[in-house]
Ligand code: DGJ
């Protein structure tokens, strides 16, 4: 038996054991070469892992195939479940066979298992990276054409297959959505058969999120809740189309295939080429329920993914809901002056500042300042914003073009298109083919100049439509399908290059709100515009779904005007602020029309947020009560890592019968400590706050909300 602490190996049984802080993952390469799943759960010694049988089951009759339990289910032999790897060789053969071809450990936390096919020139490498401190195990697959002739078509190439331990039943939690209604959490029994979650849009999508949360139960219970129980989860680090296939068999086995690309997308490998899938991040939490799982995801994203986890995100102003496309030097300067007076730290001018843009019909692609609105360019506005003491941000949409633009008139071949088919316009725009190196070069060129020449501190990178007619007729190798992957890789690499060119630049991810959020986006951006819906009550629901996986410090939210532009609902300013304060606070209303009393209240609430944002942005999140029912209290709580401070935000949209809600039981506080409620001055024993609860003293009016800041008091020793 050999290996480092994170990765151990028993050569006699070809068993591998991957160990994290609180979990273990075990697999075994069978004698005939197939990589088999053994364990994904609590801690095991290598000897214990060696004793365990593989988790798959063989066929019970001639009518059934192999059950679940391979590390990457392939097409071939008597396997009838959904394949994670399906190949087509030049002679029409589809089946793949496994032959072990050695392993490598390029570093103590990474394991590469190599396999060849018994006849065809395809090398498959299964990659495992152990993030021992956060319990995340990263999985991916690399496929190499090792021959000298012909193409090998990868009909499906997922990153990995995962298997859960056998239980009587399973439950699936995932997020569904629409534009302006993103990340709505759904939690339902997992149906038998195959359940496919997917995006075919070319982006991560508004409709579904590339992550799942699974819990399991049997006669003894075992189901998780917000605070207790075992949970398994996976999130795909990919910003284009994707597919997650859950396979739940009638003998209660569960596997999951996950990878980039949707059903119609293939990869054609030529001799010498390698296709490496994106990473699938997997996470098991042995206890702590859905809340514990979320905190584990947040910890991983904070420590291993986000570019500047140590920073505290500033209070932002965004012009979109106030001035729409009609931005000018004058109206932006007026808004900036108001924003600065309220304590805003970052002023972002949204859509409308460039080319012939005055509405959504024209201008995308022509990234020079609109001559009427900014006759002397952007510098006067940037300088004014800086003079007011704020950072300066700009909206861009680099992957898009309006047919009514200089760019499109010059380069109609730069957009995704099929010959003999109309080019479907959505929002009067077409998608530039970022897979083309010349398009990516052009985008990087104007973006980096824009930032340098105008002293831009912040970019909001938007993308306002999905792909259609996703063709590339003059792709030099005749393999236009690769645009589904290469567009996304180019989007990532332009972001990476911009960050490298301008180390102080910070970037907001946006795709018509939350249409492109995933771990790969979070690795390259600093915060996310998670929805165009700024209704404070709807936002609580969207934020609840978002924070299942992603941390609050990436979740941008604005306080906007009423009636709300999306819903027509009028919610008081204080509730709107409290809703937006649960992430990265921003403002998006027309401040020039706010009444003096509103401006005063806003100034106070911004100051209040600044006093607690280190807890919200760097603390651990406890979801105390879910949102949804307007007559019920909903609440979240944040606790600093050392538990010295905690913040509670609570909302009660429509109290029933004028009755106050029951005291709110808090979490995450060491029971023997005491906390002062800075709102009331009262001193509380933590045990009472967690067992009896905190009286919120909400007024018995509609749209009641509160923010409570608790600070630990050192008892005299
Ligand atoms: C969609 C974004 O989500 C909005 O915030 C805004 O930037 C518009 N696009 C601008 O066109």
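The values are calculated or read from the model by the stated rules, or taken from the named source; none is laboratory data. Just so it is clear, the structure is predicted and the values come from calculations on it, not from any experiment. Using ideal geometry, Cβ is built from the backbone for each residue, glycine included, and neighbour counts are taken over all protein chains shown.
Listing for the model above:
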{"item": "From the options 669, 689, 659, 652, residue that is buried (at least 17 other Cβ atoms within 10 Å of the Cβ) and closer than 24 Å to residue 536 by Cβ", "result": "652"}
{"item": "Selection count, the range 450-459, where residues are closer than 16 Å to residue 353 by Cα and part of a helix (DSSP H, G or I)", "result": "4"}
{"item": "Some residue of the range 422-434 being free of Cβ contacts under 8 Å to residues at least 24 places away in the same chain, in a helix (DSSP H, G or I) and assigned by TED's automatic domain parsing to the domain that holds residue 325", "result": "no"}
{"item": "The one condition in (1) touching a residue at least 60 places away in the same chain (Cβ under 8 Å); (2) under 30 Å from residue 465 (Cα atoms); (3) touching a helix residue (DSSP H, G or I) at 6+ places or on another chain (Cβ under 9 Å) that residue 179 fails to fulfil", "result": "(3)"}
{"item": "Residue 488 vs. criteria modelled with pLDDT of 95 or more, buried (at least 23 other Cβ atoms within 10 Å of the Cβ) and more than 16 Å from the ligand (Cβ to nearest atom)", "result": "yes"}
{"item": "Residues being more than 14 Å from the ligand (Cβ to nearest atom) and either surrounded by fewer than 22 Cβ atoms within 10 Å (Cβ to Cβ) or free of Cβ contacts under 8 Å to residues at least 24 places away in the same chain (or both) - total across the range 347-362", "result": "1"}
{"item": "Subset of the range 651-670 (residues that are in contact with a strand residue (DSSP E or B) (Cβ under 7 Å, 6 or more places away or on another chain) and either in the same structural domain as residue 289 (by TED's automatic domain parsing) or in contact (Cβ under 8 Å) with a residue 60 or more places away in the chain (or both))", "result": "651, 667"}
{"item": "Options 79, 123; residue that is part of a strand (DSSP E or B) and surrounded by 15 or more Cβ atoms within 10 Å (Cβ to Cβ)", "result": "123"}
{"item": "Residue match in the range 328-338 (condition: assigned to a helix (DSSP H, G or I), within 16 Å of the ligand (Cβ to nearest atom) and out of contact with any helix residue (DSSP H, G or I) (no Cβ under 7 Å at 6 or more places or on another chain))", "result": "no"}
{"item": "Which numbered condition residue 531 misses (of (1) buried (at least 24 other Cβ atoms within 10 Å of the Cβ); (2) within 16 Å of the ligand (Cβ to nearest atom); (3) assigned to a helix (DSSP H, G or I))", "result": "(3)"}
{"item": "Filter pass, residue 480 being under 26 Å from residue 320 (Cβ atoms), surrounded by 15 or more Cβ atoms within 10 Å (Cβ to Cβ) and either in contact (Cβ under 8 Å) with a residue 40 or more places away in the chain or assigned by TED's automatic domain parsing to the domain that holds residue 386 (or both)", "result": "no"}
